[in-house]
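This report concerns only the one structure given below.
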Amino acid sequence: MVKQKHHTARNQTFKAHKNGIRKPKDHRYKSTKGLDPKFLRNQRFAKKYNKKNPVAAVKVARSLPLTTRP
């Protein structure tokens, strides 16, 4: 009688490689599902006020007094 009765690794690697072992696909944006709501809210405001729009940036800079301009 065999020493291990209920398990064998035979044929497992064949089955795994039959369709190829692939890495999971990387997506452009990772899901924010389940993340901290406080962090998500802050992230939303950060995106809102740090947009890469040079026209709007110039308008904001012109509206500031000379002492606070960068």
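The values are calculated or read from the model by the stated rules, or taken from the named source; none is laboratory data. Since the model is a prediction, treat every value here as computed from it, not as a measurement. Using ideal geometry, Cβ is built from the backbone for each residue, glycine included, and neighbour counts are taken over all protein chains shown.
A few points about this structure:
- Failed item, numbered, when Pro24 is tested on (1) of a type outside the set (A, V, I, L, M); (2) in a loop (DSSP other than H, G, I, E, B); (3) modelled with pLDDT of 95 or more: (3)
- For segment 1-21, the tally of residues that are in a loop (DSSP other than H, G, I, E, B) and surrounded by 10 or more Cβ atoms within 10 Å (Cβ to Cβ) stands at 0.
- Those residues of segment 22-39 which are of a type outside the set (Ser, Thr, Tyr) and exposed (fewer than 10 other Cβ atoms within 10 Å of the Cβ), in sequence order: Arg22, Lys23, Pro24, Lys25, Asp26, His27, Arg28, Lys30, Lys33, Gly34, Pro37, Lys38
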